[in-house]
Each structure stands twice: as C-alpha cells, then as structure tokens.
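The values are calculated or read from the model by the stated rules, or taken from the named source; none is laboratory data. Quick caveat: nothing in here was measured; it's all calculated off a predicted structure. As a convention, Cβ positions derive from the backbone with ideal geometry for all residues, glycine included, and neighbour counts pool all protein chains shown.
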Amino acid sequence: MFWWRLNGIGELTATISSWIIAPLMLFAHVFDKPVQALCGTKAAFSTDPNLLGARMLFMVGWVLLVGIGVSYCTQMTDENKLKNFVKRARPFHFFWKPIIQHLGENEYKEAEGLGRTLISLLLALGCAFALTFGVGKLLLGSKLLGILYLCGFGVFLSLQYDGSILIFAKNI
C-alpha cells in the first residue's frame, strides 16, 4: 500500500475497472471517436502505434481515478490495522503522515531510504529487462547477444544481492 487512504475496495475496483476499460479501448475501439474529436486528429487511439504511450497514460490515469474515488466514497481501513501495518512495513513517511502522527513515535524511521529504494528498483528493472531480452535473443535472435544479456542479468542480480551498492545508497 502506497497511501494510507487507499483501501481494499478501492484497489479491487480499480483493478476490475482496468479489466473492463482495456478491452473496450483495444478491441471495441470505444475511445477512438472521442479522442479524435478532442484532439482533432484522425489517428485511431486504440491501434495507432504512435499512441501507445497515450494509451498507457490513459490507463494509469483511469486506475488512479477509480482507486482514489472509490476509496474516498467507501469506509476507510480501520486505523488500528493501518498502525500495525506502519509498524511492520515502515513505509515512506510522505504518504503515511497522518497514521504515523497517531502512532506517537517521536522518531519514525522508514525501512529503507529513498535512495536505496530507487537503486533497488533500477537494479530489479535491469534484471527483468536483461533476462527477458536475453532469453528472447537466445530463442529468436543472436545467440551471442542473448548470452551478453544473460551476463548482464547476472551482474544486475549480484549487485542487487551483494549489498555493497546498497550500502553506498544508504545515506542518499
């Protein structure tokens, strides 16, 4: 949970709504005419490869809007459950400030700093991309490039679990 006010009903509704909106957008072409009228373009919103980023942004915005809207329209998660979650998970202070203030702790410390989290995220993304492209290249493309990607995967994975780069990021 990234934000204290987002509840289970909001998350579930946002997920289910994306399962409905994506097929409507991609297969039923429901949003083509409204987007063409709104943007003054002739490009098909659902199929134009140049609009992939716009479709992704639309889906992210839709899921956020539904999740936040439904969370505000429904009962908030029990405060004691939120406090227990904060004590165990130690999320970032920014999104959990109201709950952390009710904990009564004078010095709240996140589980890890933002710098360490961002470096961990970049290493995990590097692992995922290198493994995906490595296997893909081994199966469908250049074997040498596939092996190089898999070596890159090994490097990213070892950096992730080695800890030395994360110790460096501890103070960021």
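Observations on the model:
- Scanning the range 101-119 turns up one or more residues that are in contact with a Phe, Trp or Tyr (Cβ under 6 Å, 6 or more places away or on another chain) and at pLDDT below 90.
- Single condition Ile119 does not satisfy, out of (1) touching a residue at least 12 places away in the same chain (Cβ under 8 Å); (2) more than 20 Å from Ile9 (Cβ to Cβ); (3) surrounded by fewer than 16 Cβ atoms within 10 Å (Cβ to Cβ): (3)
- Residue satisfying condition, being over 29 Å from Trp3 (Cβ atoms) and not assigned by TED's automatic domain parsing to the domain that holds Tyr161, within set Lys87, Lys42: Lys42
- Candidate set from the range 109-119 (those that are in a helix (DSSP H, G or I) and in contact with a helix residue (DSSP H, G or I) (Cβ under 7 Å, 6 or more places away or on another chain)); member that is farthest from Gln160 (Cα to Cα): Gly115
- Qualifying residue in the range 49-69 (condition: over 23 Å from the mean Cα position of the chain (by Cα) and in the same structural domain as Ile21 (by TED's automatic domain parsing)): no
- Total residues in the range 88-116 satisfying the condition of being on the phi > 0 side of the Ramachandran plot and surrounded by 13 or more Cβ atoms within 10 Å (Cβ to Cβ): the figure is 1.
- Test for Arg88: is it closer than 25 Å to Gly104 by Cα and either in a loop (DSSP other than H, G, I, E, B) or under 19 Å from the mean Cα position of the chain (by Cα) (or both): no
- Of all residues in the range 67-84, those being of a type in the set (A, V, I, L, M, F, W, C) and closer than 10 Å to Ile99 by Cβ number 1.
- Here Trp19 clears all of (1) surrounded by 14 or more Cβ atoms within 10 Å (Cβ to Cβ); (2) more than 20 Å from Met1 (Cα to Cα); (3) among the aromatic types (Phe, Trp, Tyr) except the condition numbered (1).
- In the range 91-99, the count of residues that are closer than 30 Å to Ile68 by Cα, in a loop (DSSP other than H, G, I, E, B) and modelled with pLDDT of 85 or more is one or more.
- Sole exception among (1) more than 23 Å from Met1 (Cβ to Cβ); (2) in a helix (DSSP H, G or I); (3) not hydrophobic (A, V, I, L, M, F, W, C) for Asn106, by number: (2)
- Tyr149 satisfies every condition listed in (1) over 16 Å from the mean Cα position of the chain (by Cα); (2) at pLDDT below 90 except (2).
- Inspection of the range 70-87 identifies at least one residue that is in contact (Cβ under 8 Å) with a residue 12 or more places away in the chain, under 30 Å from Gln160 (Cα atoms) and loosely packed, with under 14 Cβ neighbours inside 10 Å.
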